[in-house]
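Report on the following structure.
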Amino acid sequence: LGDGVYFWQDAPHRARAWGQQWGCRDGEEVAVLRAQLRLEACLDLLDTEWADLIWDYAARFETELSKQDIQLKNYLRGRHELDAAFFNYLVDAMREQGILIQTVRAAIAEGEVLFEGSPIRRESHVQIAVRDTTLIDSVELV
C-alpha cells in the first residue's frame, strides 16, 4: 500500500504474527498497538469506486517500469514491493493532479487457503497505511 504507518484492522493476532515474522530483529519483542484512525482522504480499496482509476494507472506504471527496465515482485508473505511502488506512484500522480491521499486501505489475501476450493486464506486481513500520522488518535498498548 506504499509508504506509511501500517495497521491491521480489527486483527491484533495477525499484526503480532506479522511483527514476529517480519518486523523484529533477533532479541526484539513485538508490541501491538490499538489506535483510532481517521480515514480521511482515503484511497479505500474496499470500495470498487477506485477500480477504474487504479486500472488506468497500473497500465502507466507498467510502462514506466518497462522503460526503466525495473523488475519488482510481490511475495506470498511479507513485503509486497510491487504493490508498494505502485501505490507510491499512484499517490504521487494524484497529488500532482491536486488530489490528496492520506490513507490507503485494502483487503489482503495471504497464507494458505482455509480449505480446498475456498477463496478465503488463513492470514487474510484488512490493512491500512496511514501516510499522514496526524490521523492516528488514542494509541494504546494491547
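Each reported figure results from applying straightforward, stated rules to the coordinates on display, with no laboratory input. Quantities reported herein were computed from a predicted structural model and do not represent experimental measurements. All Cβ positions, even for glycine, are placed from backbone atoms using ideal geometry, and neighbour counts span all protein chains on display.
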Q) List the chymotrypsin sites (Phe, Trp or Tyr not before Pro) in region 37-142 that DSSP assigns to loop (not H, G, I, E or B) and whose Cβ has at most 15 other Cβ atoms within 10 Å. Which are they? A) Tyr75, Phe115
Q: Evaluate the distance, in nm, between pseudo-label points positioned 7 Å from the Cα of Ile99 and of Arg121 along their respective Cα→Cβ axes.
A: 2.6 nm
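From the helices alone, meaning DSSP H stretches of at least four residues, give me the mean residue ellipticity at 222 nm for the chain, per-run term -39500 (n - 2.57), in deg cm²/dmol to the nearest 500.
Values: 3 runs with 40 residues, N = 142.
Rounded to the nearest 500, the figure is -9000 deg cm²/dmol.
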(Q) How would region 3-55 be classified by its alpha-carbon gyration tensor: rounded, prolate or oblate, with rounded meaning a/c under 1.5 and the a/b versus b/c comparison settling the rest? (A) prolate
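If you stretched the chain out fully between His13 and Leu39, how much longer would it get, using 0.36 nm times the residue separation minus the C-alpha to C-alpha distance?
On the way: separation 26, 0.36 × 26 = 9.36 nm, distance 2.20 nm.
The His13-Leu39 span can extend by a further 7.2 nm.
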(Q) Using only the alpha-carbon atoms, how far is helix 51-67 inclined from the longest principal axis of the chain? Give it as 0 to 90 degrees, nearest 10. (A) 70 degrees
Q: Report relative contact order for region 7-142 in percent, whole number only (criteria: Cα-Cα under 8 Å, sequence separation at least 6).
A: 36 percent
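Report the full-extension gain for the segment Ile136 to Ile54: residue separation times 0.36 nm, less the Cα-Cα distance, to one decimal in nm.
Details: separation 82, 0.36 × 82 = 29.52 nm, distance 2.57 nm.
Roughly 26.9 nm would be gained on extension.
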Q. Which whole-angstrom value gives the distance between the alpha carbon centres of region 1-77 and region 103-124?
A. 14 Å
